[in-house]
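A short worksheet on the structure shown next.
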Amino acid sequence: KYIRILKLHVNMRLSNPDLLPSQQKELQEFSQWVLSVGDGTTCEKRSNSTTGEDKIKIPNDLLINTCGDKMSAIIHAVSGDIETKFCNQQYLESRAIVCPNNETVDDINLLVLKMVPTESFEFLSYDSISKVNDKLGDFDELYNVEYLNAITISNFPHHRLVLKVGCPVMLLRNIDQTIGLCNGTRLIITRLASRIVEATIMTGSHIG
């Protein structure tokens, strides 16, 4: 399914009249290579003698080779100019790093945020036990504030959220789909205050 989506995307780019012949050729070769991997017909497939599994050699132009910090190398390869282009919507909307887990996402977000040369704002959540009739008397001792603040749940921000003007963010909830504020919408922070976060949409049908 992912390869078919990628094929459609590549074919759409190939039909772009603004692309140079060399760019069209490069995209065509990449499209054919991805399809051959998905079909299992790639000529670069080789067997692993220890596990018996097949390995596919990734072309060198798709690799980021480094002897140092691999995460920093990926960030600089994707967003290396963010220090000077952090307010450039076109620059930000064409860049994204896909991660396998939330822990890696947090590490990358922290490193990219440090690269943005604007003042940071810290926002803290307010955690408390729900006031219910059957609440036990020792709930406050069992679930203290420090414990509540340490809880991390998928699709929810952490207790401590640090933002900067010019940094890209993504909505995790459907706020108002009629104006483009839905889950997955990417935005650029434009203003920060003690209780307000102002941002501009940079993807979807409501850009700007």
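The values are calculated or read from the model by the stated rules, or taken from the named source; none is laboratory data. These numbers come from a predicted model, not from an experiment. Neighbour counts are summed over all protein chains in view; Cβ atoms, including those assigned to glycine, are modelled from backbone coordinates with ideal geometry. Remember, those area values only see protein heavy atoms, side chains included, never the ligands or the DNA or RNA. Shrake-Rupley method; radii C 1.70, N 1.55, O 1.52, S 1.80 Å.
Quick one: CYS87 ticks every box in (1) in contact with a Gly (Cβ under 7 Å, 6 or more places away or on another chain); (2) open to solvent by less than 80 Å² (accessible area, probe 1.4 Å) bar one, so which box is it?
Of the numbered conditions (1) in contact with a Gly (Cβ under 7 Å, 6 or more places away or on another chain); (2) open to solvent by less than 80 Å² (accessible area, probe 1.4 Å), the odd one out for CYS87 is (2).
Within the stretch 71-87, is even one residue modelled with pLDDT of 80 or more, of a type in the set (S, T, N, Q) and outside any helix (DSSP H, G or I)?
no
So for the stretch 43-66 (the condition being open to solvent by 70 Å² or more (accessible area, probe 1.4 Å), at pLDDT below 80 and small (Gly, Ala, Ser)), does at least one residue qualify?
yes
Filter the stretch 156-206 for residues that are open to solvent by 90 Å² or more (accessible area, probe 1.4 Å) and either part of a loop (DSSP other than H, G, I, E, B) or touching a Leu at 6+ places or on another chain (Cβ under 7 Å) (or both) and give the result.
So the first thing to find is which residues in the stretch 156-206 are open to solvent by 90 Å² or more (accessible area, probe 1.4 Å), and the list is 156, 160, 170, 173-175, 177-178, 183, 191, 194-196, 205.
Scanning the stretch 156-206 gives PHE156, ARG160, ARG173, ASN174, ILE175, ASN183, SER194, ARG195, ILE196.
List pairs: first residue in the stretch 81-108 and among the small types (Gly, Ala, Ser), second residue modelled with pLDDT of 80 or more and in a helix (DSSP H, G or I) anywhere in the structure, Cβ distance under 6 angstrom, at least six positions apart or on different chains.
Pairs found: none.
In the stretch 97-124, what count of residues is obtained for those that are surrounded by fewer than 13 Cβ atoms within 10 Å (Cβ to Cβ) and outside any helix (DSSP H, G or I)?
So the answer is 7.
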